[in-house]
1. Tell me, please, whether a residue that is of a type in the set (S, T, Y), touching a helix residue (DSSP H, G or I) at 6+ places or on another chain (Cβ under 8 Å), open to solvent by 20 Å² or more (accessible area, probe 1.4 Å) and under 19 Å from Y124 (Cα atoms) can be found in segment 24-42.
2. Would you check which residues across segment 105-117 are open to solvent by 10 Å² or more (accessible area, probe 1.4 Å) and either assigned to a helix (DSSP H, G or I) or within 10 Å of Y76 (Cα to Cα) (or both) and list them?
3. Being part of a loop (DSSP other than H, G, I, E, B) and either at pLDDT 90 or above or polar (S, T, N, Q) (or both) is the filter here, so list the residues in segment 83-104 that pass it.
4. Residues in segment 86-97: is at least one under 23 Å from L145 (Cβ atoms), hydroxyl-bearing (S, T, Y) and open to solvent by less than 30 Å² (accessible area, probe 1.4 Å)?
5. When P61 is evaluated against the numbered criteria (1) free of Cβ contacts under 8 Å to residues at least 24 places away in the same chain; (2) open to solvent by 10 Å² or more (accessible area, probe 1.4 Å), which criterion, by number, is the only one it fails?
6. Within the set of pairs 6 or more residues apart or between chains, which connect a residue that is open to solvent by 60 Å² or more (accessible area, probe 1.4 Å) inside segment 1-16 to a residue that is modelled with pLDDT of 95 or more and in a strand (DSSP E or B) with Cβ atoms less than 6 Å apart?
7. (1) in contact with a Lys or Arg (Cβ under 8 Å, 6 or more places away or on another chain); (2) under 20 Å from Q16 (Cβ atoms); (3) at pLDDT 95 or above; (4) open to solvent by 10 Å² or more (accessible area, probe 1.4 Å): which one isn't true of K132, the others all being true?
8. When you scan segment 119-129, how many residues do you find that are surrounded by 14 or more Cβ atoms within 10 Å (Cβ to Cβ) and farther than 13 Å from D29 by Cβ?
Amino acid sequence: MKEYELTTSNNEETSQFAEKLAEHLQPRDVIALEGDLGAGKTTFTKGLAKGLGVKKTVSSPTFTIIKEYKGKLPLYHMDVYRVLDAYEDLGFDEYFEGEGVTVVEWAHLIKEQLPEELLTIYLYHQGQDQRKMVLVPKGQRYEQLCKEIF
């Protein structure tokens, strides 16, 4: 499985990359975001939302678990950090199989419920503002998506 790497110098570049990625997304695409607190997961999601034409302010759904936004495609933004049981049935599959794009922060916490094919993006701090992103596509759709954006 091929990995794709990118380093951004600041939040704006992280957001711009996500915005560029959004131009290539389709209904039922799933993006898993992994990284420490403050690594840029929500910044990335804000850029993705902008690229999807979402007008509302995007914030982390830490306490609500899922937020939905309307744009060219619906955006389903999940933060599963507070999910206590990885097998708890919270209807995630309805979002994964819906008409929008799903972004899951802390996705490893519900890995048993994730679709087999998805794009995982690992975000790492590199200095104060720099971020390293490692994209790991799983499945032909996501391998093609990475080729399109790199």
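The values are calculated or read from the model by the stated rules, or taken from the named source; none is laboratory data. If you're wondering where the values come from, they're calculated on a predicted model, not measured in any experiment. Positions of Cβ are backbone-derived with ideal geometry, glycine not excepted, and every protein chain shown enters the neighbour counts. Calculation scope for accessible area: heavy atoms of the full protein, side chains included, ligands and nucleic acids excluded. Shrake-Rupley method; radii C 1.70, N 1.55, O 1.52, S 1.80 Å.
1. Residues of segment 24-42 of a type in the set (S, T, Y): 42.
Subset that is touching a helix residue (DSSP H, G or I) at 6+ places or on another chain (Cβ under 8 Å): none.
Looking for residues that are of a type in the set (S, T, Y), touching a helix residue (DSSP H, G or I) at 6+ places or on another chain (Cβ under 8 Å), open to solvent by 20 Å² or more (accessible area, probe 1.4 Å) and under 19 Å from Y124 (Cα atoms), one finds none in segment 24-42, hence no.
2. Initial filter on segment 105-117 (open to solvent by 10 Å² or more (accessible area, probe 1.4 Å)): 106, 108-109, 111-117.
Hits for segment 105-117 are H108, L109, K111, E112, Q113.
3. Restricting attention to segment 83-104, the residues satisfying the condition of being part of a loop (DSSP other than H, G, I, E, B) are 83-91, 97-100.
Passing the criteria: E97, G98, E99, G100.
4. no
5. Going through the list (1) free of Cβ contacts under 8 Å to residues at least 24 places away in the same chain; (2) open to solvent by 10 Å² or more (accessible area, probe 1.4 Å), P61 breaks only (2).
6. If the second residue must be modelled with pLDDT of 95 or more and in a strand (DSSP E or B), the pairs left are E3/V134; E3/V136; E5/V134; T7/K132.
7. Against the list (1) in contact with a Lys or Arg (Cβ under 8 Å, 6 or more places away or on another chain); (2) under 20 Å from Q16 (Cβ atoms); (3) at pLDDT 95 or above; (4) open to solvent by 10 Å² or more (accessible area, probe 1.4 Å), K132 comes up short only on (1).
8. First pass over segment 119-129, keeping only residues surrounded by 14 or more Cβ atoms within 10 Å (Cβ to Cβ): 119-125, 129.
Still in the list and also farther than 13 Å from D29 by Cβ: 122-125, 129.
Adding up the residues that qualify gives 5.
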